[in-house]
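All remarks here apply to the structure that follows.
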Amino acid sequence: MEDIKKISSKEASQIIDTRKPLGKFYLIDKGIYVGIDNSSGDAWTEEFDSFEAMVKWQHGIEDEEELEME
């Protein structure tokens, strides 16, 4: 997954606080996948139960029903 970089909790906090660097990121916190989409500088953040669901969200599939249909 070259376009989505795995980061630490500390890096995630810095991205959320500073909105830098731009890009797409994720971390795993207590078994939950946390996706951070900072490609526009807005640091959108969402939690997921699976890596696959997080990747789909990062690629623009946001609706839970759409996730279930894939």
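Remarks
- Region 4-61: C-alpha gyration tensor shape, a/c 1.5 cut-off, then a/b vs b/c: oblate
- Cross-link partners of Lys30 among lysines (Cα-Cα below 22 Å; sequence separation of 8 or more within a chain): Lys5, Lys6, Lys10, Lys56
- Most positive-pole-ward Cα, Ile32, Pro21, Ala43, against dipole of region 4-61 from beta carbon charges: Pro21
- Packing around the peptides 28-37, 51-60, 14-23, taken as the average count of other Cβ atoms within 10 Å per residue, puts them in this order, highest first: 51-60, 28-37, 14-23.
Laboratory data are not the source of any read-out in this text; all were calculated from the coordinates shown. Quantities reported herein were computed from a predicted structural model and do not represent experimental measurements. Note that we place each Cβ from the backbone using ideal geometry, even for glycine, and neighbour counts take in every protein chain shown.
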